[in-house]
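What follows is calculated from the coordinates using simple rules that are stated; it is not laboratory data. Because the structure is a prediction, the values reported are computed rather than measured. Positions of Cβ are generated from backbone atoms using ideal geometry, with glycine treated the same way; all protein chains shown enter the neighbour counts.
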Amino acid sequence: MVSPVQQSGPRPRHVITNAAWNMFGRIAPVLVALPVTPRLIHELGLSRWGIFTIALSLIGTFGIFDLGLGRALTRAIAGRTHDQSDHETADLILTGVLTLTGIGVIGGLISAGAVSFWVRHGLKIPENLQHETIVALLVFCATAPLVMINAALWGVLTAYHEFRATNLINIPISIAYYIGPLLVLEVWDSLVGVMLVLAGCRLWMAIAYIRFCLRLVPQLRAARVRPHLLAPLLRIGGWMTVSNIAYPLLGNIDRFMIASVISAAATGFYTTPSDAVGRFSMVTNAVAASAYPALASSWRTDSVRTVELYRTSVLTLAALLLPLCLGTALFSSKILSLWIDQDFAIHSSTIMKLLCLGIFIGSADAIAAGFLDAIGRPDASAKLSIGEMLVYVPLLVVFLHHFGVVGAAFAWAIRTAGDFVVRMFLSIRFYPPITQALARILPAALTGAACMCIALVDMPLPAATLFFGIAMAVFYGVLWFVCLDDLERDAAAGIVKRIMTRFSRAPAG
């Protein structure tokens, strides 16, 4: 069963639609989690709540150790969706999923072996909770294969651009991650019960994914394991693993350096605005996740569409993020004063401004990084990350000594800008047609970056409000008249017209 999108290849409007589904899939569970969290904290208690949050965050860390096979599998399948080798594609899917399952089993066993020591000697929790915590974490470790299966099958479904289906599956399960533990605590006051609920959610997700994959690729029912198909996945996946390890290190080393060079107390002035503006990466991840399989499926056979996909992805991110980043930067002092207090705002407002600048530039870099992976050059990004460590850490130390905590934000913004410039150069080097996209991206990117740089200057509230309005008019004017072509303007106008029509038909009151 192959959809028309898969037969003809995804178009830019499909990427935007898929990104919207991704954002909806991320936002909807958060809206449920916010009111449920205080009750869950009360029911669990702080110690058990801490273990619960660690377990949720550790789900993502299993993906670091998948040897890059998950993302490599997505790329390989996306590149085959134009071909007629459906049986070989099914063999590839089965081989990749079973390999990742095996990695999950090994990872789960190793983690389970370390649980008792970690709980008794690595965690400071009351002695009466230690046995319960050990059993709960053993349940968590037993679900490691399910985590890997789900990640692999999610990659398969997105390779076929089935973002609507995956998010419709994920949303209720993500909500159940919070509602389920709350319900089970009413009848069983134990962290073990909570972990069993999480295990049930992952099993639910695996079954749903498997059923949909079997409908999408019926040849899976007769698929066979073919080890030789793993060789190209491992070759590309190995470099992706380097990036998977290096990226979190680059993203979090600034916090440790602040604590080491200045003080642990000063770290809060950086991490608080960093965590707040870091939420904007939800938009970046949503667009980048939908663009990656689209680019992987088109770059070999259709350079014109590849350029369109690249350009549309970057411009969509710029259009969505500039109001968020610019507004937060301009009103950072007011936001932090209302959220925390005036003294905190004095220390952190400039930091928040610089981080917003980095987030805006980093969104374009996310598309460039995904593009290099899509065309089979993850080695370029991995080598860049390794080289970055050698430059960024000394730069960070120097800036911390000379500018204090603000220096860390300044160094981070410089790093993200450097990332984008280098990855853009690499993209052009390995895929020259992408130069056409750059010519249409730069006017909007430079205008947005200029607005963000001006926002670094402290302004009175009326001046900041006026500048925000002027900046939005100038940026969207450049985007509309310089970066978009006639067809794209007509399409955008059609979308706005449909939205306005729906609102006008909505019943009053």
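When the gyration tensor of region 236-496 is built from Cα positions, what are the square roots of 5 times its three eigenvalues, in whole Å, from largest to smallest?
Working: eigenvalues 192, 127, 35 Å².
Semi-axes from the Cα gyration tensor: 31, 25, 13 Å.
Sequence gap at least 6, Cα distance under 8 Å: using those rules, report the relative contact order of the chain to the nearest whole percent. Numbers along the way, then the final one.
Values: 633 pairs, mean separation 94.4, N = 509.
Dividing the mean separation by the residue count of the chain yields 19 percent.
Excluding LEU191 itself, what net charge comes from residues whose Cβ is under 13 Å from its Cβ, given Lys and Arg +1 and Asp and Glu -1?
Numbers: positive: ARG48; negative: GLU43, GLU132, ASP189.
Value of the local net charge: -2.
When a footprinting reagent is the concern and you count Cβ atoms within 10 Å, what order do LEU185, LEU214, LEU354 take, fewest first? Write out the running numbers ahead of the final one.
Numbers: LEU185 20, LEU214 13, LEU354 24.
In increasing order of surrounding Cβ atoms, one gets LEU214, LEU185, LEU354.
Under the rule of -39500 (n - 2.57) per DSSP H run of 4 or more residues, summed and divided by the residues of the chain, what mean residue ellipticity at 222 nm is obtained, to the nearest 500 deg cm²/dmol? Could you put the intermediate results ahead of the total?
On the way: 20 runs with 422 residues, N = 509.
For the chain, the value works out to -29000 deg cm²/dmol.
Report the extension gain between SER190 and THR37 in nm, rounded to one decimal, defined as 0.36 nm multiplied by the number of residues separating them, less their alpha carbon distance.
Values: separation 153, 0.36 × 153 = 55.08 nm, distance 1.69 nm.
Going from the current span to full extension adds 53.4 nm.
If I model a spin label as a point 7 Å beyond the Cα along the Cα-Cβ vector, how far apart are those points for ALA199 and ASP343 in nm?
Between ALA199 and ASP343, the label points sit 4.8 nm apart.
For region 203-219 and region 122-179, compute the distance between their C-alpha centroids and round to whole Å.
Using only Cα atoms to place each centre, the spacing works out to 17 Å.
Can you give the extra length, in nm with one decimal, that the chain gains between ILE386 and HIS121 once fully stretched, where that is 0.36 nm per residue apart less the Cα-Cα distance? Present the calculation step by step, with values, prior to reporting the outcome.
Details: separation 265, 0.36 × 265 = 95.40 nm, distance 3.32 nm.
Between ILE386 and HIS121, full extension yields 92.1 nm more.
Classify the chain as rounded, prolate or oblate, taking a ≥ b ≥ c as the square roots of the eigenvalues of its Cα gyration tensor: rounded when a/c is under 1.5, otherwise prolate if a/b is larger than b/c and oblate if not. It would help to have the intermediate numbers written out before the result.
Numbers: a/c = 1.44, a/b = 1.07, b/c = 1.35.
Rounded, because the longest to shortest axis ratio a/c is under 1.5.
Between HIS402 and ASP275, take the C-beta separation as r, use R0 = 35 Å, and let me know the FRET efficiency to the nearest 0.05. Let's see the in-between values first.
Working: r = 25 Å, r/R0 = 0.71.
Taking R0 as 35 Å, the efficiency between HIS402 and ASP275 is 0.90.
Give a residue-ordered list of calculated ³J(HN,Hα) values for region 34-45 (Karplus: 6.51 cos²θ - 1.76 cosθ + 1.60, θ = phi - 60°; whole Hz; x for Gly, Pro).
Listing the rounded values in order: 4, x, 7, 4, x, 5, 5, 4, 5, 5, 7, x Hz.
Taking +1 at the Cβ of each Lys and Arg and -1 at the Cβ of each Asp and Glu, which of ILE454, GLY180, VAL115 sits farthest along the dipole of the chain towards its positive end, judged by Cα position relative to the Cα centre?
GLY180
Using Cα pairs under 8 angstrom and six or more residues apart, how large is the relative contact order of region 9-225, in percent? Don't skip to the end; give the middle numbers.
Values: 224 pairs, mean separation 70.7, N = 217.
Normalised by residue count, the contact order of region 9-225 is 33 percent.
Classify region 213-270 as rounded, prolate or oblate from the Cα gyration tensor: take a ≥ b ≥ c as the square roots of its eigenvalues, call it rounded if a/c is under 1.5, otherwise prolate when a/b beats b/c and oblate if not.
Prolate is the answer for region 213-270, as a/c is 1.5 or above and a/b outweighs b/c.
Quick check: pseudo-label points 7 Å beyond the Cα along Cα→Cβ at VAL482 and ARG300, how many nm apart are they?
The answer from the label model is 3.8 nm.
If Lys and Arg each add +1 and Asp and Glu each add -1, what is the summed charge of the other residues whose beta carbon sits under 14 Å from the beta carbon of LEU355? Could you put the intermediate results ahead of the total?
Working: positive: ARG255, ARG279, LYS353, ARG415; negative: ASP254, ASP275.
Its environment carries a net charge of +2.
So how do LYS124, LYS383, LYS497 line up by other beta-carbon neighbours within 10 Å, fewest first? Present the calculation step by step, with values, prior to reporting the outcome.
Values: LYS124 7, LYS383 16, LYS497 10.
Least to most surrounded, the residues fall as LYS124, LYS497, LYS383.
Tell me, what is the FRET efficiency for THR501 and ALA259 to the nearest 0.05, using R0 = 51 angstrom and their Cβ-Cβ distance as r? Write out the running numbers ahead of the final one.
On the way: r = 54 Å, r/R0 = 1.07.
Given R0 = 51 Å and the Cβ-Cβ separation, E is 0.40.
Check each of the chymotrypsin sites (Phe, Trp or Tyr not before Pro) in region 100-202 and keep only those in coil by DSSP with at most 14 other C-beta atoms within 10 angstrom; list them in order. Before the final figure, lay out each step's value.
Working: sites: PHE117, TRP118, PHE140, TRP154, TYR160, PHE163, TYR177, TYR178, TRP188; in loops: TYR160, TRP188.
Passing sites in region 100-202 are TRP188.
Work out how much length VAL393 to LEU182 would gain on full extension: take 0.36 nm times their residue separation and subtract the Cα-Cα distance, in nm to one decimal. The partial results should precede the final answer.
On the way: separation 211, 0.36 × 211 = 75.96 nm, distance 4.31 nm.
That pair, VAL393 and LEU182, stretches by 71.7 nm at full extension.
Report the relative contact order of region 377-504, percent, no decimals, based on alpha-carbon pairs under 8 angstrom and at least 6 residues apart.
On the way: 37 pairs, mean separation 23.6, N = 128.
Averaging sequence separation for qualifying contacts and normalising by length gives 18 percent for region 377-504.
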